[in-house]
Amino acid sequence: MKTLTFSQALNTSLRASMERDSKVVLMGEDIGKLGGVFRITDGLQKDFGAHRVIDTPLAESGIVGTAIGLAFRGYRPVVEIQFDGFVYPAFDQIVSQLAKMHFRSRGNVKLPVTIRIPFGGGIGSPEHHSESPEAYFAHTAGLRVVSPSNPQDAYTMLQQAIADDDPVIFLEPKRRYHVRGEVDTDLVPDPGSLYRAQVVREGTDLTLVAYGPLVKTAMDAAAAARDEGIDIEVIDLRSIEPVDFGTLSASVRKTGRVLITHEAGKFGGIGAELAASLTERCFDHLDHAPVRVTGFDIPYPPSKLESHHLPDLDRILDGVDRAMRRTPELLGEEG
Amino acid sequence: MKTLTFSQALNTSLRASMERDSKVVLMGEDIGKLGGVFRITDGLQKDFGAHRVIDTPLAESGIVGTAIGLAFRGYRPVVEIQFDGFVYPAFDQIVSQLAKMHFRSRGNVKLPVTIRIPFGGGIGSPEHHSESPEAYFAHTAGLRVVSPSNPQDAYTMLQQAIADDDPVIFLEPKRRYHVRGEVDTDLVPDPGSLYRAQVVREGTDLTLVAYGPLVKTAMDAAAAARDEGIDIEVIDLRSIEPVDFGTLSASVRKTGRVLITHEAGKFGGIGAELAASLTERCFDHLDHAPVRVTGFDIPYPPSKLESHHLPDLDRILDGVDRAMRRTPELLGEEG
Amino acid sequence: MSPTFDPSTPEGPDTYLQVIAPDGTRNRCEEIDEWVKDIDVPALEKLYIDMACIRRLDSEGTALQRQGELGLWAPLLGQEAAQIGSGRALENDDFIFPSYREHGVAYCRGVNPHDLLRMWRGAAPSGWNPYEVNMANQQIVIGAQTLHAAGYAMGLKFDGSSAAAITYFGDGATSQGDVSEAMVFAASYQAPLVFFCQNNHWAISEPVARQTTGHIADRAAGFGLATWRVDGNDVLAVMAATRAALAHVRTGSGPAFIEAVTYRMGAHTTADDPTRYRDALELEEWAAKDPLDRIAAHLDTLGADLEELKKRSGAAADELAAGLREAITTMPDPSVDDLFAHVYSHPHPGLEEQRENYATYLAGFAAEAQGTK
Amino acid sequence: MSPTFDPSTPEGPDTYLQVIAPDGTRNRCEEIDEWVKDIDVPALEKLYIDMACIRRLDSEGTALQRQGELGLWAPLLGQEAAQIGSGRALENDDFIFPSYREHGVAYCRGVNPHDLLRMWRGAAPSGWNPYEVNMANQQIVIGAQTLHAAGYAMGLKFDGSSAAAITYFGDGATSQGDVSEAMVFAASYQAPLVFFCQNNHWAISEPVARQTTGHIADRAAGFGLATWRVDGNDVLAVMAATRAALAHVRTGSGPAFIEAVTYRMGAHTTADDPTRYRDALELEEWAAKDPLDRIAAHLDTLGADLEELKKRSGAAADELAAGLREAITTMPDPSVDDLFAHVYSHPHPGLEEQRENYATYLAGFAAEAQGTK
Ligand SMILES: Cc1ncc(C[n+]2csc(CCOP(=O)(O)OP(=O)(O)O)c2C)c(N)n1
Ligand SMILES: Cc1ncc(C[n+]2csc(CCOP(=O)(O)OP(=O)(O)O)c2C)c(N)n1
Ligand SMILES: [Mg+2]
Ligand SMILES: [Mg+2]
């Protein structure tokens, strides 16, 4: 057991993956000497060389496209996209190439590419530095999408993602990078555990589903609700695609109420899929429609307004009150 | 009243827009002499000149990016993307620029750009020619997304989209291009009607929501269900973003059951948002969870398999049976 | 400081490298002559037969589409020299990243008839196993494959391999950002990659002048690539330039670029109607530069037995055509299982559910049909 | 056929156009001399004052960020000549599409202090109204603005306007597909657009050699653009080349490209630590090429009163700095309404609902705070 920050856990995890498999190469802008703008790759180029920690030209389509080519050749590239908002130039390569190559080649070509994206807001940055693009990727068949919420998962899940033969979009909640936690670097994770959700707090009254940056907020909300006599079960989704509906449904059947929270906009966000699927799966057990507490459907706002945009403890509790039918419904809704 | 095919209606609509406003310019690959691969712009370059019907270099990011620049200069560009699967190279320009410029410029810069995309399957094409990317755009704040299902709407909605000061993604159900229908070219549409859904068949037992290519299939399913004694209300969504929840909720509160169908994959598709929102809005009126009948979560399959992938009359009826609790639920679901 | 090139200038030995003129005479072409000095009459005859075979392959493709056996076909007519000249210059372990029109290159790779037609029939998303023939599957998204090639070539370099990568694309593709980025990456890492641009003058209905105001090869030079601009209808010039470019990239001196100036004599695809946008005169002009005729004329000057050659090439083409027809009649239709297979490399619970639900649904129909429902 | 350029070769009059040498001596530079023959001592002094002002603007930006008044700042230190030389070459109706570092160009446009700082403070997504100053808002997505500029310039051409467009971007940006596509489009339509690349040698931690193996200007030439490669620390050379390029594009002869070779003396942004990736020696080398010092030295040779000039420029800079500080203290924080305003240009029912629901939610807190809930 070591105490590591979230970013140290990722760094250690990359190092372990590179030591284990010489085909693992890192690619991205400024990941070499600088160690990446978030220092996740700090020291790795020094230790593994410029052919394994590859500073790339400034072109995201090029980065993902050449990562695909390297994977074609038997490499296992781990791409860093500098910020969430800069993944879109690579969208075509991700959606039409990375996601579809295994299907296109009838299983002949595997592309074990991991795309690491520091995502989400809360760090006071200008435009394009705080986005939550997970719904785009989750809607794309052929991709797997995961997001760790704590240093231990950061450590374990990243290695699992890299070891996976399918392309994985790995979303790192950047505002949690500095958070410290216990990390067992000897832990041998269950095979398949990468795609399992985790009940991080048991409860009986309502299921609260969060991932990445908001798991901590969800836990805080559950603690606060406890004081008001509401016993919340918190689930860390961990895998956004596939979703571990077994774990989710079991919880919702028990509690009868579910609240989903994410930073991304509401319309067509992951919350929509979770709400729709859980309604399909648990309709007769639901006491209230699934509630979504999300970012607004706006471009990510300037930093002086981001605290309004991001779901926080109060907004989650407000959602809980609605789910518990303690407050009036929103415009257009009914209880 | 004229009888026009869907494509003629679009062509006539473009012509009318160009005659009305000299700032309307068309841009795209092969839209000049060839008239586009679907001939939607047939004859327009001859009549309006190469500066108004602009054959572009083969680069979608370039097309959308320069359309933005033209709009900056006061033009009203209508972009044709040759096929759905070729819009992704332009994704960054659409999502980070087109969608956000009005917000970024604090309302100073309007980008009245219409992006026409022939979308959906059913025409026996190879990869990338049959996709349904609507969920990506609908999840993007700043864009409006519409899809006509018949020649009259094709004619009216396209002019409305072009006249709109916001960017509009205009999805044309390509497999319906050859369909004929009555078109009133003198019709003066209600302002705002572009974003309204339409009840195209009244019914009492179940609300069936479709858009674009599947409205016809939905109508056929409703007719078939009638024979089995089920009275289906069919709604043509027309506007995918914003959604006319007023019309939808009123119907669902009446019928208590809703089925949503689209060609796009299920996970994170528009059906998820509609199901989640309608559950929020009509929970106490629902007799069954909203049912989704959609494409599978796979890359669009080769043409010899596409009939399996595309929702058809039988699959919709199967969904109706589930919604009516006439057949067992699917794996993992409950009634 | 502005370029003075007019893309409509007539092409000839002044504007590109040419070894065999359209009338069959042999030019001296210092820049590349040495690379084909081993090509004697039998070797030339072999190239001729290859070109005749892929011309037949192409006409069979079009015919099969007309007969409804294929969903679509992208003709290569006119581009035989570009594809055979380059395809035959490659070593077996060189890896190819093609676009969708390189049936001739696939033929050089020994791709079998089933695999050649599978995708065009709509029976599968692709044809062959890339690793069996060292050639990636067809790429439909214009330009996307060039980045894969750049990455693969980076891998070759990291591995210390002596193999090279080559990527094929068209004149239209040069406008795509991906192609420029591929040049940036390949140059930045000095990767052993040959960019092979078949400038067939058209991107569907758009002439090459819409994509560039200068020579495509000059653009590549600006990215720091070694470049060759060759007569793409001259199989020897293409082979020579490709060999030269491959030799260049194998030394580790960075990527190379070949612009093969050729012409698409047919439609863009069987869904296209080129009479809407191009001039019959242009076609005539290019017909006079036919890749096969000029090699035949050249062989004639060397005293080869043309009649015998045409017999041999006809027989080879017939055999190929028979193989294609046989492949079509014996190709099984895909099954419902193929819908869900290979989306992921290991099970995905959501997709498994969809697969099982759909199987149950289909079984219901079967049961109904048998009256057991 | 391979380029022999080594990006680490020392720069000087052999590799770029230079009018004033670092030591203040005046070179003859035939290619562009004529374009600045009107620049007399008072005009030179004005350019010096401009550069001094934006250097102060820049140090104020950094200071304000350190004091927590700004969220971020992107220093332009070292790039004063590139920005003033080009910015002062423009006509008022020329339209600018900048990146994020062109504070100096915005200053030339007369953008007021509030608007200069608004975005960096995190108070709004952008600063000014583009149509008031003929300059688009800052662009953060690398290279994206070059396509907007190309489209705008196409519009200028369609309109028969005599104005031009200019777009600013960095050396790193040249790798982005969008920048290549912008050159393709601008060339294809012969649009009146000047591409202005500030090659400041670094893209955050990556040296320009990662992006290209040759001169950036040569790449542009390959796209058919008229190109000028100038000493970007020489305000006269930059002004001359920009005027020449503008004149070129205004004639309808197609787009132009300027590579201004300069150096980013500061950090990439206030969030960056350049000591992690670059050498102090390199900084020293470039400090010796300072854009202000060389103009002062040159003015000295012309007999100008330097002391008086520095007094004047100091006063102008002080005034600008005072304006910036005043702007910061008087800038209102954005309101919740700004969250929802301008997402669309006309009402959107879904967003309206969210806005109203959020207002109700906030009102609940206010009520609670007043004990009325
Ligand atoms: C990204 C993308 N955009 C558009 C298309 C549609 N399309 C298919 S082929 C083609 C023209 C290609 O021209 P070129 O690159 O010259 O190759 P050629 O067909 O002449 O071999 C176009 C526009 C596509 N396949 N991909
Ligand atoms: C598409 C995109 N990718 C990555 C980034 C992150 N980023 C911001 S500035 C920068 C370097 C830019 O270098 P250059 O173009 O040389 O401009 P300079 O900063 O030197 O002025 C990077 C990688 C971005 N803003 N946009
Ligand atoms: Mg072509
Ligand atoms: Mg730079």
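Where a number appears in this text, it was derived from the coordinates with a stated rule and is not lab data. Computed from a predicted structure; not experimentally measured. Don't worry about glycine lacking a Cβ; one is built from the backbone with ideal geometry, like all the others, and counts go over all protein chains shown.
Could you go through the stretch C:68-82 in sequence order and give the Karplus-derived ³J(HN,Hα) for each residue, using 6.51 cos²θ - 1.76 cosθ + 1.60 with θ = phi - 60°, rounded to whole Hz, and x for Gly and Pro?
Result, rounded to whole Hz: x, 7, 10, x, 7, 8, 10, x, 10, 3, x, 9, 4, 5, 4.
Within 15 Å, Cβ to Cβ, of C:Tyr168, how many net charges do the neighbouring residues add up to if Lys/Arg are +1 and Asp/Glu are -1?
With Lys, Arg at +1 and Asp, Glu at -1, the neighbours total -2.
Tilt of helix A:151-163 relative to the longest C-alpha principal axis of chain A, in degrees (0 to 90, nearest 10)?
Relative to chain A, helix A:151-163 is tipped by roughly 50 degrees.
Explain nothing, just the number: dipole magnitude of the protein assembly as shown about its Cα centre with +1 on each Lys and Arg Cβ and -1 on each Asp and Glu Cβ, in debye rounded to the nearest 20.
Using only the charged Cβ atoms, the result is roughly 600 debye.
Which far-off residues, 5 or more places away or on another chain, put their amide H under 5 Å from the one on B:Leu259, with H placed in the peptide plane?
Residues meeting the criterion, in which the H sits 1.01 Å from N, are B:Thr207, B:Leu208, B:Val209, B:Val291.
Under a Cβ-Cβ cut-off of 10 Å, what is the net charge of the residues other than B:Tyr300 that fall near it, where Lys and Arg count +1 and Asp and Glu count -1?
-4
In the protein assembly as shown, if the dipole is taken from +1 on Lys/Arg beta carbons and -1 on Asp/Glu beta carbons about the Cα centre, which of B:Ile162, D:Gly160, C:Cys197 is farthest to the positive end?
About the Cα centre, the residue reaching furthest to the positive side is B:Ile162.
Angle, helix D:144-159 long axis vs. longest principal axis of chain D, Cα atoms, 0 to 90°, nearest 10?
Relative to chain D, helix D:144-159 is tipped by roughly 80 degrees.
Can you list, shortest first in nanometers, how far C:Asn134 lies from the same residue in the other copies, with each label 7 Å from Cα toward Cβ?
Shortest to longest, the spacings are 5.9 nm.
Among D:Ile140, D:Ile32, D:Ile216, whose mean-square fluctuation peaks in a Gaussian network model of chain D (Cα, cutoff 10 Å)?
Of the options given, D:Ile140 has the highest mean-square fluctuation.
Counting alpha carbon pairs within less than 8 Å and at least 6 residues apart, what relative contact order, in whole percent, applies to chain B?
15
Taking N as the number of residues in the protein assembly as shown, what is its Cα Rg relative to 2.2 N^0.38 Å?
Taking the Cα Rg and dividing by 2.2 N^0.38 Å, one obtains 0.91.
Read phi for every residue in the stretch B:182-194 and hand back ³J(HN,Hα) as whole Hz from Karplus 6.51 cos²θ - 1.76 cosθ + 1.60, θ = phi - 60°, with x for Gly and Pro.
After applying 6.51 cos²θ - 1.76 cosθ + 1.60, I find 6, 10, 8, 7, 9, 4, 9, x, 3, x, x, 5, 4 Hz.
Report the residue, chosen from C:Arg355, C:Arg312, C:Arg88, that carries the largest GNM mean-square fluctuation when chain C is represented by alpha-carbon nodes joined by springs under 10 Å.
C:Arg355
Most mobile of A:Pro57, A:Pro290, A:Pro112 per a Gaussian network model of chain A (Cα springs, under 10 Å)?
So, out of A:Pro57, A:Pro290, A:Pro112, the one fluctuating most is A:Pro57.
Among D:Trp228, D:Thr146, D:Leu299, whose Cα sits farthest toward the positive end of the charge dipole of chain D (+1 at Cβ of Lys/Arg, -1 at Cβ of Asp/Glu, about the Cα centre)?
Checked the options; the winner is D:Thr146.
Convert 25 °C to kelvin, take the viscosity as 0.890 mPa s, use the Kirkwood radius over C-alpha pairs of the stretch D:220-290 as Rh, and evaluate the Stokes-Einstein diffusion coefficient in µm²/s, rounded to a whole number.
173
Consider all pairwise Cα distances in the stretch B:2-193 and report the whole-number % of them above 26 Å.
When every Cα pair of the stretch B:2-193 is considered, 24 percent fall beyond 26 Å.
May I ask for the angle, rounded to the nearest 10°, between helix B:60-72 and the longest principal axis of chain B, with both axes built from Cα atoms and the value confined to 0 to 90°?
The helix B:60-72 is inclined about 70 degrees to chain B.
Charges at C-beta only: +1 for Lys and Arg, -1 for Asp and Glu. How large is the resulting dipole of the stretch A:198-323 about its Cα centre, in Debye rounded to 20?
Here the stretch A:198-323 has a charge dipole of around 160 debye.
Divide, for chain B, the radius of gyration over alpha carbons by 2.2 N^0.38 Å, where N is the residue count.
It is 0.98.
Taking the square root of 5 times each eigenvalue of the Cα gyration tensor, what semi-axes in Å does the equivalent ellipsoid of the stretch D:97-168 have, largest first?
Each semi-axis is the square root of five times an eigenvalue, giving 23, 14, 9 Å.
How big, in percent, is the set of alpha carbon pairs in chain D lying more than 37 Å apart?
Pairs farther apart than 37 Å: 23 percent.
Put a label point 7 Å from Cα along the Cβ direction on C:Glu284, then list its distances to the equivalent points in the other copies in nm, shortest first.
For C:Glu284, the inter-copy label distances come out at 7.4 nm.
Given contacts defined as C-alpha pairs under 8 Å and at least six residues apart, what's the relative contact order of the stretch A:2-193, whole-number percent?
Relative contact order for the stretch A:2-193 comes out at 26 percent.
Note the per residue figure in Å³ for the convex hull of the C-alpha positions in the stretch A:245-314.
Expressed per residue, the convex hull around the Cα atoms of the stretch A:245-314 is 87 Å³.
For the charge dipole of the protein assembly as shown, defined by +1 on Lys and Arg C-beta atoms and -1 on Asp and Glu C-beta atoms about the Cα centroid, which residue among A:Phe245, C:Thr251, D:Ile96 has the Cα displaced farthest towards the positive pole?
A:Phe245
Considering only DSSP beta bridges whose two residues both sit in chain C, what percent are antiparallel, to the nearest 5?
If we restrict to bridges inside chain C, about 10 percent are antiparallel.
With θ taken as phi - 60° and the coefficients 6.51, -1.76 and 1.60, list the Karplus ³J(HN,Hα) couplings across the stretch A:135-150 in order, rounded to whole Hz; mark glycine and proline as x.
Per-residue couplings from phi come out as 5, 4, 6, 5, 7, 9, 4, x, 9, 10, 9, 10, 8, x, 10, 8 Hz.
Put the label 7 Å from Cα along Cα→Cβ for C:Pro10; what are its distances to the other copies, in nanometres, shortest first?
5.3
Sequence-distant or interchain residues sharing an amide H contact under 5 Å with A:Glu241, placed H: which?
A:Val145
Take every DSSP beta bridge whose two residues both sit in the protein assembly as shown, then give the antiparallel share in percent to the nearest 5.
Around 20 percent antiparallel, to the nearest 5.
Enumerate the amide H contacts of A:Ile115 below 5 Å, restricted to partners 5 or more residues apart or on another chain; note that Pro and chain-start residues carry no placed amide H.
The answer is A:Val79, A:Val168, A:Ile169, A:Phe170.
Among DSSP bridges having both ends in the stretch A:1-119, what percentage is antiparallel? Round to the nearest 5.
Here the antiparallel bridges make up roughly 0 percent for the stretch A:1-119.
What share of Cα pairs, in percent, lie more than 18 angstrom apart in the stretch C:209-253?
For the stretch C:209-253, the fraction of Cα-Cα distances above 18 Å is 39 percent.
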